[in-house]
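Peer 1: Input: one structure, supplied below.
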Amino acid sequence: MPAASETVRICHFSDLHLPLQERVPLMRLVGKRGLGYANLRILRGKTHKLAAFEALLKRAASEKADLTIVTGDVANLAVEFEYAFIDRLLRAGGLDPARTLVLPGNHDRYTLGSDLVSAFETGMRDWLPPGFDRRAGYPIVRAVGPVLVLGLDTAVWRNAVRSSGRVDPAQVKRLRAALGGEDARGRWPVIALHHPPFRREGRLLRDYRAGLEGAKLLTGALAGVRATVLHGHLHELSRRAMGGLDIIGVTSASNDRGKAKMQLAYHLYTFDGTGLRSAVAVRHWPDRPAADRFERTDLPDEVPVDTRGVF
Ligand SMILES: [Fe+2]
Ligand SMILES: [Fe+2]
């Protein structure tokens with residue numbers, strides 16, 4: 001059991017959505033991937049910037065956190081060359097796979113084919129536990145000093161108009177078991193996943209399209225549990241309390257949107273065995289003078305969720 005006074009620092013970023021580095025063969029642009037490709041070329045490509053991400057990554061790695069958590073949408077179209085590129089990029093940026101937890105998002109199961117062949121787990125295998133088995137491997141459990149990190153998989157293939165996720169009962173059962181296990185004793189739980197585990201009131205259609213199926217099952221299983229929950233997917237800063245859960249969402253790590261709530265950022269958290277001690281957002285403004293390009297602010301206690309966010 002860790003000493004009560006021990007602290008640990010966790011860095012969190014998400015939703016890389018980097019511009020494609022290679023052309024995708026026409027044959028592979030049938031259906032949803034074709035729409036996504038067009039979206040990248042026309043819309044996303046305008047604000048999601050590789051150089052901005054690289055600068056953010058370098059800065060994040062320089063924090064020398066005990067663990068860095070990447071909460072999904074690592075790729076855009078779940079094509080092999082995207083993962084090969086990202087693998088190189090993360091290493092070159094200074095991240096060490098042994099001190100990094102990378103989870104999948106809906107874009108990592110973008111097509112049925114990529115889901116069936118587990119393109120994410122294959123492409124990011126060096127960042128996953130050795131011999132990782134997707135069917136029983138999530139949540140990925142890591143005891144890091146006084147925290148127990150549990151990384152869930154909420155990513156499933158969906159049709160072209162949906163970016164929603166799902167958490168299946170077997171995974172929730174394993175999560176419960178891990179929370180009751182020996183490694184959890186004296187440690188603060190940090191649950192990481194791509195989709196935020198809440199429904200947004202009055203937004204049924206949006207929840208159907210982009211929410212998390214099984215959110216109720218997950219939060220029901222966590223009733224009475226005190227934990228920090230880290231997610232991505234909304235591409236905006238959000239924070240809300242639900243029961244004993246402190247749920248924090250980070251922006252997309254490449255999105256130079258020009259608005260503070262959506263600007264590319266990483267979060268840096270300090271924990272001890274009793275919970276979160278400090279939470280800081282480090283935003284990157286690539287167009288500002290060099291001395292002002294990184295802005296460090298404490299996370300507010302609550303940040304309302306703007307349901308018009310980009311998925
Ligand atoms: Fe995303
Ligand atoms: Fe997403």
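Since every read-out is calculated from the coordinates, none of them should be taken as a lab result. Just so we're clear, the structure is a prediction, and the values are computed from it rather than from any experiment. A quick note on method: Cβ atoms are made from the backbone with ideal geometry, for glycine too, and the neighbour counts reach across all protein chains shown.
Here's the yes/no breakdown for (1) within 20 Å of residue 101 (Cβ to Cβ); (2) among the hydroxyl-bearing types (Ser, Thr, Tyr); (3) touching a Ser or Thr at 6+ places or on another chain (Cβ under 8 Å):
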residue: 223; (1), (2), (3): no, no, no
residue: 231; (1), (2), (3): yes, no, yes
residue: 240; (1), (2), (3): no, no, no
residue: 243; (1), (2), (3): no, no, yes
residue: 246; (1), (2), (3): yes, no, yes
residue: 249; (1), (2), (3): yes, no, yes
residue: 257; (1), (2), (3): no, no, yes
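Peer 1: Scan segment 83-121 for residues that are among the hydroxyl-bearing types (Ser, Thr, Tyr) and part of a strand (DSSP E or B) and report the count.
Peer 2: Number satisfying all stated conditions: 1.
Peer 1: Could you tell me which of the residues 101, 90, 152 is touching a strand residue (DSSP E or B) at 6+ places or on another chain (Cβ under 9 Å), under 22 Å from residue 210 (Cα atoms) and among the aliphatic types (A, V, I, L, M)?
Peer 2: It is 152.
Peer 1: Select from segment 220-259 the residues that are among the β-branched types (Val, Ile, Thr) and surrounded by 20 or more Cβ atoms within 10 Å (Cβ to Cβ) and write down the one among them that is farthest from ligand 2 (Cβ to nearest atom).
Peer 2: By that ranking, first place goes to 228.
Peer 1: If you take the residues in segment 218-249 that are within 16 Å of ligand 1 (Cβ to nearest atom) and of a type in the set (Gly, Ala, Ser), which one is nearest to residue 301 (Cα to Cα)?
Peer 2: It comes out as 238.
Peer 1: Separate question: Taking residue 110 as meeting all but one of (1) more than 16 Å from ligand 1 (Cβ to nearest atom); (2) under 25 Å from residue 166 (Cα atoms); (3) among the hydroxyl-bearing types (Ser, Thr, Tyr); (4) touching a residue at least 24 places away in the same chain (Cβ under 8 Å), write down the number of the exception.
Peer 2: With respect to (1) more than 16 Å from ligand 1 (Cβ to nearest atom); (2) under 25 Å from residue 166 (Cα atoms); (3) among the hydroxyl-bearing types (Ser, Thr, Tyr); (4) touching a residue at least 24 places away in the same chain (Cβ under 8 Å), residue 110 is out only on (1).
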